[in-house]
1. Hey, can you tell me all the residues within region 350-386 that are of a type in the set (Gly, Ala, Ser) and closer than 10 Å to residue 533 by Cβ?
2. For residues in region 286-323 being within 19 Å of the chain's Cα centre (by Cα) and basic (Lys, Arg), which is nearest to residue 409 (Cα to Cα)?
3. Looking at (1) β-branched (Val, Ile, Thr); (2) touching a helix residue (DSSP H, G or I) at 6+ places or on another chain (Cβ under 7 Å); (3) surrounded by fewer than 22 Cβ atoms within 10 Å (Cβ to Cβ), can you tell me which one residue 425 breaks?
4. Given (1) of a type outside the set (D, E, K, R); (2) at pLDDT below 85; (3) more than 47 Å from the chain's Cα centre (by Cα); (4) within 25 Å of residue 487 (Cβ to Cβ), identify the lone condition not met by residue 154.
5. Does any residue of region 157-173 turn out to be polar (S, T, N, Q) and in a loop (DSSP other than H, G, I, E, B)?
6. List pairs: first in region 603-617 and within 22 Å of residue 559 (Cα to Cα) and β-branched (Val, Ile, Thr), second modelled with pLDDT of 70 or more and crowded, with 17+ Cβ neighbours inside 10 Å, Cβ under 7 Å, 6+ apart or cross-chain?
7. Could you say which residue among 466, 459, 484 is surrounded by 21 or more Cβ atoms within 10 Å (Cβ to Cβ) and within 18 Å of residue 282 (Cβ to Cβ)?
Amino acid sequence: NIDIASTINADEDLMDPDVPTERAPFHDHEIEAEAFKSFMKEEEPELQVEENPFIKSDEPVLQDETEPVKFDLDYEPPVKSKLPATDIPFNLNTEPLVLLEDTGANIIEPKAKPNPETTHIGLEEPYDPRLDLAGYQMPGPDLLEEYVIQKNEVDRVELETSKNLIVETLKNYNIGIAEIRANIGPTVTLYEIVPAPGVKISKIKNLEDDIALSLAALGIRIIAPIPGRGTIGIEVPNKKPEMVPMKQVIMSKKFQECTFELPVILGKTISNEIYITDLAKMPHLLCAGATGQGKSVGLNTIICSLLYKKHPSELKFVMVDPKKVELTLYNKIERHYLAKLPGDGDAIITDTKLVTNTLNSLCMEMDERYELLKSAGKRNIIEYNQKFKERKLLPTEGHRFLPYIVVVIDEVADLIMTAGREVETPIARLAQLARAVGIHVILATQRPSVNIITGTIKANFPARLAFRVTSKIDSRTILDSNGADQLIGKGDMLFSTGNDLIRLQCPFVDTPEVERITEFIGNQRGYSSALILPDFRGDDEGGRDDDFDNSERDAMFEDAARLVVMTQQGSTSLIQRKLKLGYNRAGRLIDQLEQAGIVGKFEGAKARQVLIPDEASLNIFLDGLNSRGK
C-alpha cells in the first residue's frame with residue numbers, strides 16, 4: 001500500500017530547495033526543464049571575445065558582492081547567437097549574477113557636440129540658387145514675332161548658270177576643275193571646287209575679282225582651302241537673301257537641348273545649320289562693323305539668347321551704352337539680371353564718368369572671386385559653385401554662390417577717346433584675368449584701330465565678330481584677314497575663332513520683340529534691387545584741398561586759378577599761352593589746381609572740368625587756403 005500523504009510530503013520536500021535530499025538532482029520541474037532545453041538546443045560554439053570600445057582592457061573589472069540581482073521568473077533567456085559580444089565570460093552555472101563595480105570603464109561617455117562653424121552638412125539637400133525666385137518663368141517663344149519666310153529656293157537654272165560661269169572663268173586662266181558642287185545657304189551659295197592635279201591654290205585665290213566680274217555679283221569670297229574639306233570654296237551671294245527669324249532659332253531642337261554654360265546664338269551657317277557657341281569658352285567677344293550693318297541687332301541676339309537660357313540667379317549683366325538709346329530697353333530687368341554700383345543711379349550706364357568706376361569695381365569683384373577660389377581650393381567658377389551647392393563651403397566663412405557676369409560695352413571707341421587710359425587699363429585686366437571667375441566682356445565698336453583697341457586688349461579677344469566694313473584694311477584690323485569688306489550687310493557676318501572663319505547670317509530680333517521680352521521678365525517678382533558691385537570710389541571730384549600743401553604752391557598759382565575760373569576751361573595750354581610760361585611749369589600748375597580741388601581730373605583730349613563756378617567763390621576758396629597755410 002502506498003502512503004499518499006507521505007508521497008505528497010516527499011514531493012513537497014523535493015520542490016523545496018532548502019531541504020537537502022539525494023533526489024534533488026533528479027527532479028523534473030517543467031519550467032526549468034523546458035527553459036534549459038531551449039537554451040541548450042544549439043551546440044555551444046567557441047566564445048569569440050571581441051574588443052569592446054567602451055571597456056579599457058588594461059583596467060581590472062571588479063565584482064560587487066554586496067547584493068545579488070533579482071530576476072523575474074517569467075524571464076526567457078535570449079538566443080545565444082544573438083547575444084552581444086563582450087569580454088566578460090558568460091556563466092552557465094546557477095550561481096546568482098552580480099553587478100560590476102562602477103569603475104568608469106564601462107560608462108559610455110557622450111560624444112562632443114560638433115562645432116557648427118567647422119562641420120559640413122552632408123545630409124541636407126544641395127543648395128539651389130534658383131529657390132530665391134522659385135516662381136520665375138523663362139520667356140517663351142510666343143513673345144517673338146512670327147515672320148512669314150518663303151523658303152529660299154535657288155533656281156536650278158541659276159545654279160547651272162553660276163557653275164558654268166565659274167568653270168569658264170577658271171578655264172580662261174588655264175585652271176582645270178575636277179569637280180564642283182553647291183551648298184545653298186540663307187544669304188550665300190557656296191560652290192566647292194576640287195581643282196585638277198597640279199593647280200596652285202594661290203592662282204585661284206588671285207582671281208577673286210575676275211570671278212566676281214563674270215558672275216556680276218555684289219561681292220564674292222574665296223576660301224582656299226576650306227578647312228578639313230580638301231576643297232576650295234567660292235561664296236556667291238544669293239539674289240534674294242533669306243531672313244533668319246529669332247523665333248525659328250529659339251524653337252530649334254539644337255538650342256532647346258543646348259547644355260553650354262553661356263549659350264550664345266550667332267546665326268545660321270552656309271549649310272543652314274544653327275550655330276551656337278559658348279561665351280564661357282570664348283571667353284570674350286569683340287564685335288565690329290560699319291554703321292547700320294547689324295551690330296546692335298547682333299548684341300540684342302546675344303543678350304536675348306542668354307535671357308532665354310539662364311535663371312536670374314545664375315547670370316548678371318553690366319551694360320554700358322554711351323549712345324544712350326541702344327541698351328536702355330533692358331532697364332526693366334534691373335531687379336532680375338542687372339548689376340550696378342551702390343547708389344540710386346540707373347543700372348544701364350550712359351555717363352562716361354561712371355564707366356571708369358564700374359570697370360574698376362568689376363576688377364575688385366574679380367580679385368574677391370579669386371580669393372574665394374583660392375580658399376576653396378578650386379580653379380574656376382564651375383568647380384567652386386559645384387562645391388558650394390554641395391554645402392561644402394560655408395557662408396559664415398565668406399563664401400557665396402557666384403553668378404556669371406557679362407559686361408556689354410557698346411561703342412567702346414567713344415570711351416577710349418574721352419577717358420583714355422583710365423578705361424583701357426581695367427578692360428585689359430578683365431580681358432586677361434576674369435575668365436576663370438566667370439566675368440566675360442563683349443566690346444562693340446565701328447573700327448577697332450590700334451589707337452582704340454590696343455594690342456594687349458586685342459590679344460585677349462580671340463573670338464571676333466565682323467560685320468560688313470568698307471575696306472580691306474578695316475577687315476584686317478578686325479579679323480587679321482580679308483573678307484569682311486566683301487559681306488553684303490544686313491546681318492551678314494564673319495565669326496573668327498583663332499584660325500577659322502565662319503560665315504553666318506545673324507538672326508533678326510526687332511525692338512518690339514526685345515520690349516516684350518523685358519516686360520515679361522520685369523513684371524515677375526524679382527530681387528529687391530540689382531546685384532550691387534563692390535564700392536569703388538574714384539577721384540571724379542578732383543583733388544581734395546585738405547591734401548594740398550601750401551608750402552609747395554607756385555607763385556603763379558592764384559593767377560592760374562583766376563584764369564581757369566574766368567574762362568571755365570582747365571587747360572595746360574591755356575595757362576601756358578596766357579601767363580607766358582613753359583610747358584613744364586604750366587603742367588605743374590594744373591596739377592596743383594587739381595590737388596586743391598579747383599579743376600577736375602584729366603579726361604583725355606577734353607579740357608578738365610572747372611569745379612568753382614565764379615570769381616567770388618574762388619576768392620572765398622583762396623582765403624580758406626591761405627588761412628590754413630598760416
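The values are calculated or read from the model by the stated rules, or taken from the named source; none is laboratory data. In this text, all values refer to a predicted model and were calculated from it rather than measured experimentally. Backbone-built Cβ (ideal geometry, glycine too); neighbour counts: all protein chains shown.
1. 361
2. Looking at the filtered set, the residue picked out is 316.
3. (2)
4. Only one criterion in (1) of a type outside the set (D, E, K, R); (2) at pLDDT below 85; (3) more than 47 Å from the chain's Cα centre (by Cα); (4) within 25 Å of residue 487 (Cβ to Cβ) is unmet by residue 154, namely (3).
5. no
6. Note: pairs meeting the criteria are 610/564; 610/565; 610/570; 610/599; 612/565; 612/598; 612/618; 612/621.
7. Every option except 466 fails the conditions.
Each row is one residue, and each column tells you yes or no for (1) at pLDDT 95 or above; (2) more than 30 Å from residue 292 (Cβ to Cβ).
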residue	(1), (2)
361	no, yes
384	yes, yes
418	no, no
446	no, no
